[in-house]
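Chemist: One structure, pasted below without further comment.
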Amino acid sequence: MNDLKPLKSSVGQPAEGKDKYFPREKITKKILRKLEVGENILISAPRRIGKSSVLKDISNNPQSGQIIKYMIVQSVDSSDEFFKKLFNELLNDQQIIKGIKGYLTRASNEVKKYSSRITGVSLNGSVDIGVNERIDYYYECTELIKNFEGNNKNILVIIDEYPDALNNIIKNDKKSATKFLQQNRDFRGLTSDVNLQFIYTGSTGLKNIVTKLDRLDLINDLNTIQISPLKKDEATLLIQRLTLGFQEDNKNFEITTEIIEYILQKTTWLIPYYIQIIVDELFEYYEEHEKTIDKGSVELIFREIVKSKSNHSDYFENWKKRLKTAFKKYDYSFAIECLNTIAKNNTIEYAVLHDLSIKNKVKDVRYILDVLEHDGYISENEKTYAFNSVFLKEWWYINVAT
Ligand SMILES: Nc1ncnc2c1ncn2[C@@H]1O[C@H](COP(=O)(O)OP(=O)(O)OP(=O)(O)O)[C@@H](O)[C@H]1O
Ligand SMILES: [Mg+2]
C-alpha cells in the first residue's frame, strides 16, 4: 500500500482533480469508445453514484480535437432558457468562436450585439435593435452549429441534470415538454453534418419521465450507459487512499485490512459516496476518541449515518422526496408501502405486491417497480425485491416505515 497516492475526501461536490477524484477507468473508457463511433449518450444512474465526477473528469481531460462544454440545467424550466444556456456556453469558447466567424458575420443585429456582450468581441460597432426583436435561441444554436468550421474539431456537450429540466418544463405544460424533447432530438440530428455530440445525465430516470409523455421515440437514439457501483477491489483501494489522505492530518489514523473487509461486507452497495462518508465519519470518530478503529466503531458510525438528525439526512430524505415527483397519488402510496414492507422484512413477495396494488388501486405495478429499480431503490433477485443499500434500508426503516 506504500506506493498508493493519498486522496482528499470530498463529500458534497463532485470529486474533481487528481487529489480528489478516484479514477473510474472502465466507465470512462466505455464512454469514450461510444463517443468515438459517433453515439450520443444517456448516462443513467441513481443519486450520488458518481455521474458528475466521471463527467467532470472527462471534460477536464479532452481528447485531441475535442472541445467539451459542460452545463448543469437543473433549474432550467423552458426550452428557450435551455438553448440560451447552450448558446452562451458555445459562445464562451475561444476555439468555437474561431470556427463561427462566418455565422457571426451573417447573424442578425440582435445576435451580433448579444454575442459581443458574451464574448467581449465587438463585431460591427454599435448596432440598433428594434424594440420587438428577440432571439430564438434554438434557431441560433442550430445555425451556429451548422456553420461551425472547426477543422476536424469535435464539440461534445455534456448536459447534467437534464431530466430535472424536462420535469420542470412538464410542470408548466406537457406540450412544451414534448416540443423540448423534439428540439433536442432534431438538434442531435445535426450530428451527421458536423462533429457535435451529447452526453445527457441526471439522477432522475429520463426514460421514466419520457414514458409518461408516451414519446420514447424522441430519445431512442440515445445510447444508454449505466454507472455501476465500485467493485470490491476498487472500493478497498478507495478506502486505502482516503485513509492516506486523512493520515496527512493525523498520521496515527488507520483502517486495517480486516476492518476494510468488514466495512465492505456491511455496506454491500459500494458507491463512492458511501465509502467517502464512512471513512469521513471514522476519521471524525478517531479524532474525537483517539481509539483504534475496530468493528465496534464501524457499527457505531453506521448507526449514526442513518439517524434522522445525521449530517447525511438530506441525502436520504431526497430518496423519499423524489418519489413525490415520480408518482401521482395512488402510485405514490403504493411505492411507499412497498418500500416500507421491504425495509421491515428485508424483501417483498409477489403475493404481497399484488395485495398492495389492489389496496392502492394501482393499475401498472410493473411501471412502478421499474422506476424503483431504475432509480436505484431496489433490485430484483430470484423473484424477490430488496433495497440496494443497507444505509437506505436502515434509514427508511427508522424514519419512514415505523
Ligand atoms: N470518482 C470518485 N472519486 C471520489 N469520490 C467520488 C467519486 N465519485 C463520486 N464520489 C463521491 O460521491 C459524491 C457524489 O458524487 P457525484 O456528485 O459525482 O455523484 P452524482 O451521481 O453526480 O450525484 P447526484 O445524483 O447527486 O448529482 C462525491 O461528493 C464524492 O464524495
Ligand atoms: Mg451529479
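The values are calculated or read from the model by the stated rules, or taken from the named source; none is laboratory data. Since this is a predicted model, take the numbers as computed values, not measurements. Positions of Cβ are backbone-derived with ideal geometry, glycine not excepted, and every protein chain shown enters the neighbour counts.
Chemist: Can you name the residue in segment 301-344 that is under 22 Å from the mean Cα position of the chain (by Cα) and of a type in the set (D, E, K, R) and, of all such residues, is surrounded by the fewest Cβ atoms within 10 Å (Cβ to Cβ)?
Modeler: 314
Chemist: Another question about this same structure. On the given criteria, is residue 66 away from ligand 2 (no atom under 16 Å from the Cβ) and under 19 Å from residue 187 (Cβ atoms)?
Modeler: Yes; evaluated as a whole, the condition is true for this residue.
Chemist: Out of the helices (runs of 4 or more DSSP H) lying entirely within segment 2-115, which hold 2 or more residues that are touching a strand residue (DSSP E or B) at 6+ places or on another chain (Cβ under 9 Å)?
Modeler: In segment 2-115, the matching helices (runs of 4 or more DSSP H) lie at 25-36, 51-60, 79-91, 94-99.
Chemist: Sticking with this one: What pairs come up if the first residue lies in segment 155-175 and is touching a residue at least 12 places away in the same chain (Cβ under 8 Å), the second is of a type in the set (D, E, K, R) and within 12 Å of ligand 1 (Cβ to nearest atom), and their beta carbons are under 8 Å apart, counting only those six or more places apart or on different chains?
Modeler: 160/51
Chemist: Continuing with this model, one more query. Do we have residue 72 as at pLDDT 95 or above, closer than 22 Å to residue 167 by Cβ and within 16 Å of ligand 1 (Cβ to nearest atom) here?
Modeler: Answer is yes for this residue.
Chemist: Which one of these does residue 24 not meet: (1) within 20 Å of the chain's Cα centre (by Cα); (2) within 16 Å of ligand 1 (Cβ to nearest atom); (3) over 16 Å from residue 225 (Cα atoms); (4) not hydroxyl-bearing (Ser, Thr, Tyr)?
Modeler: (3)
Chemist: Just for segment 109-131: of the residues that are surrounded by fewer than 16 Cβ atoms within 10 Å (Cβ to Cβ) and either at pLDDT 75 or above or closer than 19 Å to residue 142 by Cβ (or both), which one is farthest from the chain's Cα centre (by Cα)?
Modeler: 109
Chemist: Out of segment 5-26, which residues are of a type outside the set (D, E, K, R), surrounded by 15 or more Cβ atoms within 10 Å (Cβ to Cβ) and within 16 Å of ligand 2 (Cβ to nearest atom)?
Modeler: Selection gives 10, 11, 14, 15, 21, 22.
Chemist: Any idea which residue in segment 4-20 is farthest from ligand 1 (Cβ to nearest atom), counting only those that are in contact with a helix residue (DSSP H, G or I) (Cβ under 7 Å, 6 or more places away or on another chain) and over 28 Å from residue 321 (Cβ atoms)?
Modeler: So the residue we want is 4.
Chemist: Yes or no: segment 43-50 includes at least one residue that is more than 16 Å from ligand 1 (Cβ to nearest atom) and under 21 Å from residue 221 (Cβ atoms).
Modeler: no
Chemist: Among 227, 277, which is within 16 Å of ligand 1 (Cβ to nearest atom), in contact with a His (Cβ under 9 Å, 6 or more places away or on another chain) and in contact (Cβ under 8 Å) with a residue 40 or more places away in the chain?
Modeler: When all the criteria are applied, what remains is 277.
Chemist: Next question. Would you say residue 83 is more than 15 Å from ligand 2 (Cβ to nearest atom) and within 20 Å of residue 146 (Cα to Cα)?
Modeler: Yes.
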